[in-house]
Each structure stands twice: as structure tokens, then as C-alpha cells.
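To start, the structure itself, in C-alpha cells.
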Amino acid sequence: MMTVHEVSKISGVSIRALHHYHNIGLLPATEVTEAGYRLYDDTALERLQHILLFKELEFSLKEIKGILDNPDFDRSRA
């Protein structure tokens, strides 16, 4: 598991953006500690990669959420 700070450091996404993604349900934390720290696993990091890909393709965050939450979304094809 990785903290928001660690995810920010390896991905180049700001902590503030990661918090925003969490708050809008785009990138929910895998776990939240009793102290309120957000923790992310490899599946969440893969989802973040998809988010960054779709952002690069100029999709809105709302559109990205719809794509990633669609049960027909094929992660391997993306």
C-alpha cells in the first residue's frame, strides 16, 4: 500500500489532485486509516494510469469516471 504522498511522487500528480479524485469518486482510496490517511494498492495505481491516459486524450473527469465505472470497460484493451 502507498500513501497519497508516495503516489504523488511516483505519478507526478499533485496531492491536491489525488484528494480531488478521491472526493469525486474517480480514484477512491483502497483503504483509509483510522487517522484518515488514504492508502492505495496496485489496482488503484492502474486506475490512476487509465485516468492519466484519458486526461491526455482530453476527456473530462466526469467522462473518465463514466468510462472506468462502466462494467464493459476492458482494462487490458485500454
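The values are calculated or read from the model by the stated rules, or taken from the named source; none is laboratory data. The structure displayed is predicted, hence computed values, not measured ones. Using ideal geometry, Cβ is built from the backbone for each residue, glycine included, and neighbour counts are taken over all protein chains shown.
Inspection of the range 13-22 finds a residue satisfying the criterion of being modelled with pLDDT of 95 or more, surrounded by 12 or more Cβ atoms within 10 Å (Cβ to Cβ), in contact with a helix residue (DSSP H, G or I) (Cβ under 9 Å, 6 or more places away or on another chain) and part of a loop (DSSP other than H, G, I, E, B).
When the criteria are applied in full, Leu27 fails the requirement of being surrounded by 15 or more Cβ atoms within 10 Å (Cβ to Cβ), at pLDDT 95 or above, out of contact with any helix residue (DSSP H, G or I) (no Cβ under 6 Å at 6 or more places or on another chain) and not β-branched (Val, Ile, Thr). Does Val32 fit the bill of being more than 18 Å from Leu68 (Cα to Cα), of a type outside the set (Ser, Thr, Tyr) and within 10 Å of the chain's Cα centre (by Cα)? So Val32 fails the test.
The lone criterion from (1) out of contact with any Leu (no Cβ under 9 Å at 6 or more places or on another chain); (2) closer than 21 Å to His5 by Cα left unmet by Glu63 is number (2).
Right, Leu57: of a type in the set (A, V, I, L, M) and under 12 Å from the mean Cα position of the chain (by Cα) or not? It is false that Leu57 is of a type in the set (A, V, I, L, M) and under 12 Å from the mean Cα position of the chain (by Cα). If we scan the range 31-49, do we find a residue that is more than 24 Å from Asp74 (Cβ to Cβ) and touching a Lys or Arg at 6+ places or on another chain (Cβ under 9 Å)? The answer is yes, given that some residue of the range 31-49 is more than 24 Å from Asp74 (Cβ to Cβ) and touching a Lys or Arg at 6+ places or on another chain (Cβ under 9 Å).
Inside the range 32-64, residues that are surrounded by fewer than 12 Cβ atoms within 10 Å (Cβ to Cβ) and either of a type in the set (Gly, Ala, Ser) or not in a helix (DSSP H, G or I) (or both) make up a count of 7. The residues in the range 47-78 that are of a type outside the set (A, V, I, L, M), more than 14 Å from Tyr21 (Cβ to Cβ) and touching a residue at least 12 places away in the same chain (Cβ under 8 Å) can be counted, and the count is 1.
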